[in-house]
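Participant: Handing you this structure, nothing more for now.
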Amino acid sequence: MAVVTGATQGIGKAIAEGARVGVNGREQTDAMTAVVDSIGGFPVVADVSSHDEVGAAFAAVEQQHGAIDVLVCNAAYMTMLPFVDHEADDWWRNVDTNLSGTFHCIQAALPGMKRRGGGNIVIITSEWGVIGWPNATAYASSKAGLIGLTKALGRELAPAGISVNAVASGITDTPQLNVDAQDAGLTLEQMHAEYAEQSRSPDRATRGDPRQRSRDRPPRLPARGDGRDQPGA
């Protein structure tokens, strides 16, 4: 039995499609109901940044459906601002959702995996956690933390037959891309075009920052966005 966090849209929704899984979201919304109905799954309502909510939700899953065999930690939140303008509360929301949220979910699922003698944990991190990105310090830092978590936890849990792997996704056309476009002062269509152009470059190091090529366009808008259900980069 599998649970996918942040599965009401974007990458999480795509992962959940085609299998009967527990669909996690912060609230019971129409989007969650639609995904659950389409895959014949079941809702797992919890804000992953809350240790208590995750613990209660995962305990209910185990009671009703059995131990979790596969956990995909995908839920994420991202805002983009210059580092000096980033308020502490919002910085910690990035960390609390992306890094601590993954901690909460894995910790809640592990007892059942250990009782069953094994399990699989997949952590969706980001290319930005590897290379960094302007105005995304909180998000990139939290995603870099997930890479470290994957490496350390993989070593710790391997003797128990539990695998821990990470997927560092690159630019993906999900709702979170709106946050990136807003920060660059581009429309979503312009951002699509910029990244499509970059994708044709075989060398990542030669690709430019869309913000540099947007100087002749209208000034950037205040860049606060909520892409909490999936990582967009």
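The values are calculated or read from the model by the stated rules, or taken from the named source; none is laboratory data. Remember, predicted model here, so these are calculated numbers, not experimental data. Please note: Cβ atoms are built from the backbone with ideal geometry, for glycine as well, and neighbour counts cover all protein chains shown. SASA here: full protein model, heavy atoms, side chains in, ligands and nucleic acids out. Shrake-Rupley method; radii C 1.70, N 1.55, O 1.52, S 1.80 Å.
Participant: When the residues of segment 193-209 are narrowed to those that are closer than 27 Å to Leu146 by Cα and surrounded by 14 or more Cβ atoms within 10 Å (Cβ to Cβ), which ends up modelled with the lowest pLDDT?
Facilitator: Arg207
Participant: Then there's this: For segment 67-86, which residues satisfy the criterion of being hydrophobic (A, V, I, L, M, F, W, C), in contact (Cβ under 8 Å) with a residue 24 or more places away in the chain and open to solvent by 30 Å² or more (accessible area, probe 1.4 Å)?
Facilitator: Matches in segment 67-86: Val70, Phe83.
Participant: Still on this structure, I have one more. Look at Thr29 and say whether it is of a type outside the set (Gly, Ala, Ser) and either buried (at least 24 other Cβ atoms within 10 Å of the Cβ) or within 18 Å of the chain's Cα centre (by Cα) (or both).
Facilitator: no
Participant: Moving on. Pairs under 6 Å by beta carbon, first residue at pLDDT 90 or above and open to solvent by less than 40 Å² (accessible area, probe 1.4 Å) in segment 162-176, partner outside any strand (DSSP E or B) and of a type in the set (A, V, I, L, M, F, W, C), six or more apart or different chains?
Facilitator: That search, which allows pairs on different chains as well, returns Ile162/Met113; Val164/Leu153; Val164/Leu157.
Participant: Also: Going through segment 7-26 one residue at a time, which ones are crowded, with 16+ Cβ neighbours inside 10 Å and not in a strand (DSSP E or B)?
Facilitator: Ala7, Thr8, Gln9, Gly10, Ile11, Gly12, Lys13, Ile15, Ala16, Arg26
Participant: Of the numbered conditions (1) open to solvent by 50 Å² or more (accessible area, probe 1.4 Å); (2) of a type outside the set (A, V, I, L, M); (3) touching a residue at least 24 places away in the same chain (Cβ under 8 Å); (4) more than 16 Å from Met1 (Cβ to Cβ), Asp89 fails exactly one; give the number of that condition.
Facilitator: That leaves (3) as the condition not met.
Participant: Going by the structure shown, is Tyr195 hydroxyl-bearing (Ser, Thr, Tyr), assigned to a helix (DSSP H, G or I) and within 22 Å of Ile15 (Cα to Cα)?
Facilitator: no
Participant: Restricting to segment 27-66, count the residues that are more than 17 Å from Phe103 (Cβ to Cβ), touching a Gly at 6+ places or on another chain (Cβ under 8 Å) and assigned to a helix (DSSP H, G or I).
Facilitator: 7
Participant: A follow-up question, please. Does Asp89 count as among the acidic types (Asp, Glu), in a helix (DSSP H, G or I) and either under 19 Å from Pro111 (Cα atoms) or at pLDDT 95 or above (or both)?
Facilitator: yes
Residue by residue, here is whether (1) among the small types (Gly, Ala, Ser); (2) open to solvent by less than 10 Å² (accessible area, probe 1.4 Å); (3) touching a strand residue (DSSP E or B) at 6+ places or on another chain (Cβ under 8 Å) holds:
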{"site": "Gln107", "(1), (2), (3)": "no, no, no"}
{"site": "Met113", "(1), (2), (3)": "no, yes, yes"}
{"site": "Gly117", "(1), (2), (3)": "yes, no, no"}
{"site": "Asn120", "(1), (2), (3)": "no, no, yes"}
{"site": "Thr125", "(1), (2), (3)": "no, yes, yes"}
{"site": "Trp128", "(1), (2), (3)": "no, yes, no"}
{"site": "Trp133", "(1), (2), (3)": "no, no, no"}
{"site": "Tyr139", "(1), (2), (3)": "no, yes, yes"}
{"site": "Ser142", "(1), (2), (3)": "yes, yes, no"}
